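Asker: This is the structure I have questions about; it appears just below.
The values are calculated or read from the model by the stated rules, or taken from the named source; none is laboratory data. What you see is a predicted model, and the numbers here were worked out from it, not measured in a lab. So basically every Cβ, Gly included, is an ideal-geometry build from the backbone, and we count neighbours across all protein chains shown.
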Amino acid sequence: MTDETKKTGPEAAFADNEVEAAAADFDGAAEEKAAEVAAEPDPLDVLKAENSELRDRFLRLAAEMDNLRRRTERDVKDAKSYAVSGFARDMLAVSDNLRRALDAVPADQRSGADATLMTLLEGVEMTERAMLSALERHGVKKIDAEGEKFDPNFHQAMFEIPNPAVPNNTVVQVVQAGFTIGDRVLRPAMVGVAKGGPKTEAATAGGDA
């Protein structure tokens, strides 16, 4: 071995330190790289997470679209059912006037009326029936109030009539007919209710006994 390749003393120690330092740097870099690789998410997990997020977005969008469709269908249905409410209410006023014209002729005068008056009365009655029939075809129906228990949702009490023969708060007289359109009240029935009779609950209990 020549003097150039054989190193002893301080020079040899210095060389060994350089090798160890280089090895340590290499090991540190390798560990750092391994840590970086380990910290990176698995591509498959990333794809699964993205797929789950897209699925959730799709489900939420589908639910929103379904709710929008239902609201639109309900709005269209309501528009079809109740668009004629104002017109129907006005036509009821005309029907009321026709009924008042008929009621203005007492029954005894009708029996002895001449042909002209009878023809007029029959024409008015036919007009009233035709108008109510046309309204019914558009969902307007008459409220059957007489004899029913008073219901503030459908009836408007105008006065009370003492009558102990029927249960209290029973409709005994209809002053003006009420009407509904669809499931809504177009005009409540103006009624007179009984006062002083037995309560409905008591009458029902007595009937069961």
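Asker: Please pick out the residue among Ala203, Ala189 that is modelled with pLDDT under 90 and not basic (Lys, Arg).
Answerer: Selected residue: Ala203, the only one of Ala203, Ala189 that is modelled with pLDDT under 90 and not basic (Lys, Arg).
Asker: Let me ask something additional. Kindly indicate the residue of the range 80-112 that is closer than 14 Å to Glu122 by Cα and surrounded by 12 or more Cβ atoms within 10 Å (Cβ to Cβ) and also modelled with the lowest pLDDT among those meeting that condition.
Answerer: Ranking the candidates gives Arg110 first.
Asker: Collect the residues in the range 131-158 that are surrounded by 13 or more Cβ atoms within 10 Å (Cβ to Cβ) and at positive phi, keeping them in residue-number order.
Answerer: If the condition is that a residue be surrounded by 13 or more Cβ atoms within 10 Å (Cβ to Cβ) and at positive phi, then Gly139 is the only one that fits.
Asker: Pick from Ala115, Ala83, Ala62, Ala88: which is in contact with a Leu (Cβ under 6 Å, 6 or more places away or on another chain) and farther than 30 Å from Val166 by Cα?
Answerer: Just one listed residue meets the conditions, Ala88.
Asker: Check whether at least one residue in the range 143-164 is modelled with pLDDT under 90 and farther than 16 Å from Ala189 by Cα, and report yes or no.
Answerer: Yes, some residue in the range 143-164 is modelled with pLDDT under 90 and farther than 16 Å from Ala189 by Cα.
Asker: Could you tell me which numbered condition Glu128 fails, if it satisfies all but one of (1) over 30 Å from Lys77 (Cα atoms); (2) surrounded by 15 or more Cβ atoms within 10 Å (Cβ to Cβ); (3) among the charged types (D, E, K, R)?
Answerer: With (1) over 30 Å from Lys77 (Cα atoms); (2) surrounded by 15 or more Cβ atoms within 10 Å (Cβ to Cβ); (3) among the charged types (D, E, K, R) applied to Glu128, the lone miss is (1).
Asker: For the range 75-168, which helices (runs of 4 or more DSSP H) that fit wholly inside it have 3 or more residues that are in contact (Cβ under 8 Å) with a residue 12 or more places away in the chain?
Answerer: Because the criterion is at least 3 residues that are in contact (Cβ under 8 Å) with a residue 12 or more places away in the chain, the helices (runs of 4 or more DSSP H) in the range 75-168 that meet it are 85-103, 115-137.
Asker: Follow-up question, since we're still on this one. Any residue that is aromatic (Phe, Trp, Tyr) and under 27 Å from Gln176 (Cα atoms) - is there at least one of those in the range 56-65?
Answerer: no
Asker: Turning to a different aspect of this structure: Looking at Gly139 and the list (1) over 30 Å from Lys77 (Cα atoms); (2) under 30 Å from the mean Cα position of the chain (by Cα), which single condition is not satisfied?
Answerer: It is condition (1) that Gly139 fails.
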